[in-house]
Ligand code: HEC
């Protein structure tokens, strides 16, 4: 008997029902979701579409695979387990400070594509705009290990320029970062023995005074332990002649990260 028609119709029904249930029906339900506006409170509409630099920054985020390590979705109080005193609790995302509430479909109405993500090698970024300053983000993007020594996030020194300081005055936008991170962008630099000896010979006493001005205790330049202390201090001081300044991509990306504030504004449908 020729069953090809039965197989064809069966397969069609199977695939079309899942397409109807998982794609078309949710699309009909959610396609016209308007932004939320609490008129009684006179609040602004939420969410707002991205514009300008933040919009450009979203493209940098998309193009550089941030999505592969970072999600943008806060789970509700009912999900995400952890154990405390032998009792299982839920709501790990909110406890970690990733958002004040769960995220819902309305949070994403202007995101095309949405960057929900599936992997969390790094923390969730749905609400990262509320957590740090712009300056923090620049230092972290330039080299994540300058902030967290254990970070496995790739550094992005190619979004920053290492420039000679002109006229002895650093730019306001220069990263406030010790020379160990800035001499060889992307790496943690240490001087050779000869270079270090030259620094001690030329600047030893001045460095000792600079240390004393900002730290308790006095460094003894004659002792090996004092010199080790001076060495560690010198690496954390900024380079005098060079500065690291953000280029366009870094500015755009940081503008985007600062706009990620998804679970901040309350929404009636996001109860937990
Ligand atoms: C290989 C995986 C990986 C990739 C790719 C990656 N990150 Fe990360 N990211 C991490 C890890 C791990 C951390 C946590 C350690 C740290 O702070 O560096 C992190 C932390 C962060 C944080 C701080 C979050 C917080 O709450 O402390 C931000 C912001 C961030 N990443 C942005 C980005 C952006 C933007 C990109 C794309 C340019 C990116 N990451 C690409 C792994 C990654």
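Looking across the range 59-92, the residues that are closer than 14 Å to residue 117 by Cβ and in contact with a helix residue (DSSP H, G or I) (Cβ under 7 Å, 6 or more places away or on another chain) come down to 61, 74, 75.
Residue 117 meets all of the listed conditions (1) more than 13 Å from the ligand (Cβ to nearest atom); (2) modelled with pLDDT under 95 but one, namely (1). Screening 26, 34 for residues that are touching a helix residue (DSSP H, G or I) at 6+ places or on another chain (Cβ under 9 Å) and either part of a loop (DSSP other than H, G, I, E, B) or in contact (Cβ under 8 Å) with a residue 60 or more places away in the chain (or both) leaves exactly one candidate, 34.
Scanning the range 88-107 for residues that are surrounded by 13 or more Cβ atoms within 10 Å (Cβ to Cβ) and either within 15 Å of the ligand (Cβ to nearest atom) or free of Cβ contacts under 8 Å to residues at least 12 places away in the same chain (or both) yields a total of 9.
Going through (1) within 16 Å of the ligand (Cβ to nearest atom); (2) farther than 24 Å from residue 46 by Cα; (3) at pLDDT below 95 one by one, residue 85 falls short only on (1). Total residues in the range 64-79 satisfying the condition of being buried (at least 17 other Cβ atoms within 10 Å of the Cβ) and either under 29 Å from residue 158 (Cβ atoms) or within 15 Å of the ligand (Cβ to nearest atom) (or both): the figure is 7. Residues considered: 213, 206, 174. Of these, the only one that is on the phi < 0 side of the Ramachandran plot and surrounded by 11 or more Cβ atoms within 10 Å (Cβ to Cβ) is 174.
The values are calculated or read from the model by the stated rules, or taken from the named source; none is laboratory data. Being a predicted model, the structure only gives us computed values, none of them experimental. Don't worry about glycine lacking a Cβ; one is built from the backbone with ideal geometry, like all the others, and counts go over all protein chains shown.
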